[in-house]
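Engineer: Quick one: this structure, given as structure tokens, is what I'll be asking you about.
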Amino acid sequence: MADAIRLPAETRYPGELEALKANDSDPVPPGWNLSPRAVETFILGSRGEDLSWEGGKVAITKKFYGHDILVQRAIVSLASDRGLLLIGEPGTAKSWLSEHLAAAVSGQSLLAVQGSAGLTEDQVKYSWNYALLLAEGPSERALVPAPLYIGMRDGLVVRFEEITRAPHEVQDTLLSCMSDKVLIVPELSGDQGVVLAQRGFNVIGTANTRDRGVNEMSSALKRRFNFETVPPVEALDEEIKIVRDQVTQLLDGTQTQVTLGDDVLELLVTTFHEIREGKTIDGIKVDRASTMMSTAEAVSVGLHSALYASFFADGKVEPEHVVIHLAGTAVKDRAEDIQILRNYWETAVKPRAARELGLWKAYYKARRHLK
């Protein structure tokens, strides 16, 4: 675990989950690890209040920046007989929210299915150990459970990421499991061939709005979910904090000594925020890029800029380092988007550089890297 590139939420925040459980005085739904109010606190933070437990005192950190009511509705959906489907633009923390909800409700977040064109039904429900199958025939010992089987059997939350990228026939394997709460294994006889969902089981799906037309969900499957749209972060100061925290966390595992100042972060996040919104903070209209200038992409640019400063500079991130890595994120495979960035530099960056605001002059000077 210590050398893992990325730890699941329940492993990153074990103290917070234990402290919340120890201090949880509200009713806990059957099969849940925490009460709905404690789940909300795990996601949105304890607002500076420390919780005491046998491991000491711990502050519950804020993990999702968005509308509180969205999180509350998501928790209510998970406590109902319907699944939860988080939809939104790329990089709006849908998977992040899904992971932390599962960790708080079930105590684990690893029962996950990644939607793709190559996804098959046995990767969702169950498959077989073919050596045992040939030797003994169909049996519980030969059955290899997949996330949906385990979630139903043990009463746990199952995550289905990018559900609209999965083929229709794979999506529809969820129908009976979500409506009748039963999974049939026809190869096994009697009670062995019937898995009844235990209390606590539910499904959290995520869907990228830019991919919704790839494999549109059937109306029957849509009825099994409550839809929640996760919007981009609206407040600039909150987005700066998210990028700072995420970049810092990612850098901790690289063992690099680098300084990423708030002034450079402000340049980076302001650029993403304004191009995404199509206007500057001052109300000046700017062109939008065809790619989604999401918070997740800003984190990527921040991380690459920090690593560049560590490897090829003196360890301090400069505006130039941000510009060097910005084009690859904003442009992707559409060469014409580079002109949108150049126009932004002339429309928004140049006036601020002329007024000598902070590091904007150095930021404008680095426009030569926008190629």
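Engineer: Which of the aspartates and glutamates could be linked to residue 94 by a straight reach, that is with a Cα gap under 12 Å, when you skip same-chain ones fewer than 8 residues away?
Structural biologist: Correct list for residue 94: 161, 162, 228.
Engineer: So how do 69-80, 50-61 stack up, highest first, on mean other-Cβ count within 10 Å?
Structural biologist: Numbers: 69-80: 17.3, 50-61: 13.9.
The packing order, highest mean first, is 69-80, 50-61.
Engineer: Using Cβ contacts closer than 10 Å as the measure, can you line up 140, 161 from fewest to most? The partial results should precede the final answer.
Structural biologist: Details: 140 10, 161 21.
Listed from fewest to most nearby Cβ atoms, that is 140, 161.
Engineer: To continue, here is another question. Tell me what the chain gives for mean residue ellipticity at 222 nm when only DSSP H runs of n ≥ 4 count, each as -39,500 (n - 2.57), the sum divided by the residue total, rounded to 500 deg cm²/dmol.
Structural biologist: Numbers: 18 runs with 163 residues, N = 371.
Mean residue ellipticity, 222 nm, calculated: -12500 deg cm²/dmol.
Engineer: In addition: Quickly work out the residue 54-to-residue 191 label distance, labels modelled 7 Å from Cα along the C-beta direction, and quote it in nm with one decimal.
Structural biologist: My value for the distance between the label points is 3.4 nm.
Engineer: Can you figure out the FRET efficiency of residue 108 with residue 339, using R₀ = 35 Å and their beta-carbon distance, to the nearest 0.05? Show your work: numbers first, answer last.
Structural biologist: Numbers: r = 47 Å, r/R0 = 1.34.
Efficiency computed from Cβ-Cβ geometry: 0.15.
Engineer: By the scheme Lys and Arg +1, Asp and Glu -1, what is the net charge of all other residues having a beta-carbon under 14 Å from that of residue 280? Display every interim value, and only then the final one.
Structural biologist: Numbers: positive: 276, 279, 285, 288, 350, 352, 355; negative: 266, 274, 277, 282, 287, 346.
Spelling it out: positives minus negatives among the neighbours equals +1.
Engineer: Separate question: Could you name the lysines whose alpha carbon sits less than 18 Å from that of residue 350, not counting residues in the same chain fewer than 8 places away?
Structural biologist: Within the straight-line limit of under 18 Å, residue 350 reaches these lysines: 279, 285, 361, 365, 371.
Engineer: When a footprinting reagent is the concern and you count Cβ atoms within 10 Å, what order do 279, 285 take, fewest first? List each step's numbers first, then the result.
Structural biologist: Details: 279 15, 285 11.
Listed from fewest to most nearby Cβ atoms, that is 285, 279.
Engineer: How much length is gained on full extension from residue 285 to residue 120, taking 0.36 nm per residue of separation minus their Cα-Cα distance?
Structural biologist: Values: separation 165, 0.36 × 165 = 59.40 nm, distance 4.60 nm.
Residue separation times 0.36 nm, minus the Cα-Cα distance, leaves 54.8 nm.
Engineer: For region 209-270 and region 271-347, write down the distance between their C-alpha centroids in whole Å.
Structural biologist: First find each Cα centre; the distance between them is then 15 Å.
Engineer: Can you spot the aspartates and glutamates whose alpha carbon is less than 14 Å from residue 21's alpha carbon? Ignore those fewer than 8 places along the same chain.
Structural biologist: 10, 40, 50, 54
Engineer: Testing the spin-label approximation: label points 7 Å from Cα along Cα→Cβ at residue 4 and residue 22. State their distance in nm.
Structural biologist: 2.2
Engineer: For semi-axes √(5λ) of the Cα gyration tensor in Å, the choices are (1) 29, 24, 21; (2) 42, 24, 20; (3) 33, 28, 16; which was calculated from the structure?
Structural biologist: So the structure-derived entry is (2).
Engineer: Still on this model: Label residue 131 and residue 172 with points 7 Å out from Cα along Cα→Cβ: what is the distance between them in nm?
Structural biologist: So the label points at residue 131 and residue 172 sit 3.7 nm apart.
Engineer: Work out, step by step, the length gained on full extension between residue 69 and residue 237: first 0.36 nm times the residue separation, then minus their alpha carbon distance; give nm to one decimal.
Structural biologist: Extending this stretch completely gives an extra 58.5 nm.
Engineer: So in region 100-222, what percent of DSSP beta bridges are antiparallel if you round to the nearest 5? All intermediate terms of the calculation are to be shown ahead of the outcome.
Structural biologist: Numbers: 6 of 13 bridges.
Taking every DSSP beta bridge with both residues in region 100-222, the antiparallel ones total about 45 percent.
Engineer: What does DSSP give for the chain in terms of the percent of beta bridges that are antiparallel, rounded to the nearest 5?
Structural biologist: Details: 11 of 29 bridges.
Rounded to the nearest five, the antiparallel share is 40 percent.
Any read-out appearing in this document is the output of simple, stated calculations on the displayed coordinates, not a laboratory observation. Since this is a predicted model, take the numbers as computed values, not measurements. Using ideal geometry, Cβ is built from the backbone for each residue, glycine included, and neighbour counts are taken over all protein chains shown.
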